[in-house]
Amino acid sequence: MRPSGRQLDEMRAVSIETDVTRHAEGSCLIKMGDTHVLCTASVDEKVPPFMRNSGLGWVTAEYGMLPRATHTRMRREAKNGQSGRTQEIQRLIGRSLRAGVDRVALGERQITVDCDVIQADGGTRCASITGGWVALKLAVNKLIKAGDVLSDPLINPVSAISCGIYAGQPVLDLDYPEDSDAGVDGNFVMTGGQMIEIQMSAEGATFSRAQMDQLVDLAEKGAAELTAAQLAAVS
């Protein structure tokens with residue numbers, strides 16, 4: 001039995017509220033159970049120096065957690081510098097979102113996706129990627145409407161979901177109690193039914209090829225549900 005009482009293949013409730021900030025070209029508040037992340041997308045008509053005169057666009061990301069997103073207050077990273085965990089997560093978000101972008105169609109501009117965790121209960125990087133794509137899509141829609149982009153550079157929605165082995169059973173969408181006690185923990189980033197990235201490790205127990213296949217099946221189910229929620233949010 002899962003601590004939440006969910007079925008093994010049951011996700012937490014997902015909601016995506018769009019246009020939640022006034023100034024960003026694209027924004028949303030994504031809630032996956034008790035994990036809540038504010039995602040904004042900002043358009044800059046310049047690209048980083050290494051991309052200049054390439055004709056290619058660029059998508060990057062930044063990630064952070066508010067001090068009381070967790071059970072105890074964390075010190076702001078602006079005071080102490082970014083942790084290795086934060087840097088790893090924001091690089092994951094950036095390269096995941098870029099995998100779903102036609103950078104020629106985007107044109108030589110940069111879109112920065114900011115993901116700020118308001119409340120954490122496991123799966124913050126997955127919620128950030130999923131909500132980040134929605135914010136990115138809304139920003140791109142504005143570029144298309146203004147005539148700055150002629151064709152949609154977003155090929156397919158990009159989403160991410162966690163799966164793991166908890167109490168010996170493969171489960172979908174781990175919350176914090178499961179994540180902190182899972183024998184195997186994995187994050188699956190997908191687009192259009194294809195894999196972008198898998199981060200997976202044993203944490204106290206090894207896993208078999210058959211178990212990994214079970215987790216991939218769960219991830220595909222979860223990604224399909226998230227894609228439906230993304231498309232409903234931006235339609």
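Laboratory data are not the source of any read-out in this text; all were calculated from the coordinates shown. Computed from a predicted model, the values in this text were never measured in an experiment. Cβ: placed from backbone, ideal geometry, glycine included. Neighbour counts: every protein chain shown.
Points to keep in mind about this one:
- Over the chain, Cα pairs under 8 Å with separation of 6+ residues give a relative contact order of 22 percent.
- Rounded to the nearest Hz, the phi-derived 3J(HN,Hα) couplings of the stretch 95-105 under the Karplus curve 6.51 cos²θ - 1.76 cosθ + 1.60 (θ = phi - 60°) are 6, 5, 5, 4, 5, x, 10, 7, 6, 5, 5, where x marks glycine and proline.
- Exposed-loop-free span, longest in the chain, where GluC sites (Glu not before Pro) count as exposed if DSSP calls them loop and at most 13 other C-beta atoms lie within 10 Å: 46-202
- Cross-link partners of residue 142 among lysines, defined as those whose alpha carbon lies under 26 angstrom from its own and excluding same-chain residues fewer than eight positions apart: 31, 46.
- Projected area averaged over orientations for the stretch 158-232, convex hull of C-alpha atoms, nm²: 4.7
- Set of aspartates and glutamates with alpha-carbon distance to residue 79 below 17 Å, sequence-local pairs under 8 removed: 62, 116
- Cα centroid separation, the stretch 11-50 to the stretch 55-75 (Å): 11
- Straight Cα distances below 15 angstrom link residue 221 to the aspartates and glutamates 9, 10, 173, 213, with same-chain residues fewer than 8 positions distant left out.
- ³J(HN,Hα) computed for each position of the stretch 25-30 - Karplus, 6.51 cos²θ - 1.76 cosθ + 1.60, integer Hz, glycine/proline x: 5, x, 7, 7, 10, 9
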